[in-house]
1. Listed here are the pairs K40/K77; K7/K77; K40/K118; K40/K79; which of them are more than 21 Å apart at the Cα?
2. How much accessible area per residue does the stretch 6-76 have, counting only protein heavy atoms and a probe of 1.4 Å, in square angstrom?
3. Counting Lys and Arg as +1 and Asp and Glu as -1, what is the net charge of the other residues whose Cβ lies under 9 Å from the Cβ of L84?
4. Step by step: find N for the stretch 1-98, compute 2.2 N^0.38 Å, then divide the Cα radius of gyration by it. What's the final number?
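The values are calculated or read from the model by the stated rules, or taken from the named source; none is laboratory data. Quick caveat: nothing in here was measured; it's all calculated off a predicted structure. In this analysis, Cβ positions are derived from the backbone assuming ideal geometry, glycine residues included, and neighbour counts consider all displayed protein chains. Remember, those area values only see protein heavy atoms, side chains included, never the ligands or the DNA or RNA. Shrake-Rupley method; radii C 1.70, N 1.55, O 1.52, S 1.80 Å.
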Amino acid sequence: MSKYIEKVENLTLPAIPLRGLVIFPGVPTSFEINSKLSVKALKQSALYGGNVFLSAVKNPEKKEIPPVMFPMGIVAKVKQSLKLPDGNYRVLIEGISRAELVSAQYSQEYLLANVLKKTIHLEDNNSIKAQAL
C-alpha cells in the first residue's frame, strides 16, 4: 500500500463564485464572467500571484450578494483574461489543487476567502491509487 502525505496551506485569496460549473485540479478551463463581484475579484487576483479560489454556488438561481458557496472548491491560476466587447470577461484558468473554504468576507466589492489549500504527495506515483488521487 502506498503512503501519501497531505500538505495543507492556509491562504487568503479573491473568490469567484461559479454558477453551473465545476472545475478540477490540473484541468485548464475557459469560462465567461459578467458579474461585478467576479470581475473585481479577477482584477484583484494579480495582487495574489494570479491565484483565485473558485467554488460552485449553492443556489445558482438566486442573485445573493455575497453568494453562498459550497465549502469545497479549488485554488486556480489565472492564465489569461480577455475583456470582450460586451463588457464580460473570458478567463482561462488552470486548477492547482483542492481547497476548503474556512470563511469568506465581502470587502471592497469582491469576495475575499480564507481557504485551506490541500495538496497530496504520494511515495509511489505508478500505482493505480496514486493515479486516481
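1. Values: K40/K77 16 Å; K7/K77 18 Å; K40/K118 26 Å; K40/K79 17 Å.
Check vs 21 Å cut-off fails for K40/K118.
2. Working: 3840 Å² over 71 residues.
Using a 1.4 Å probe on heavy atoms only, each residue of the stretch 6-76 averages 54 Å².
3. On the way: positive: K83, R90; negative: E32, D86.
Spelling it out: positives minus negatives among the neighbours equals 0.
4. Numbers: Rg = 14.1 Å, N = 98, 2.2 N^0.38 = 12.6 Å.
Rg over 2.2 N^0.38 Å, computed on Cα atoms: 1.12.
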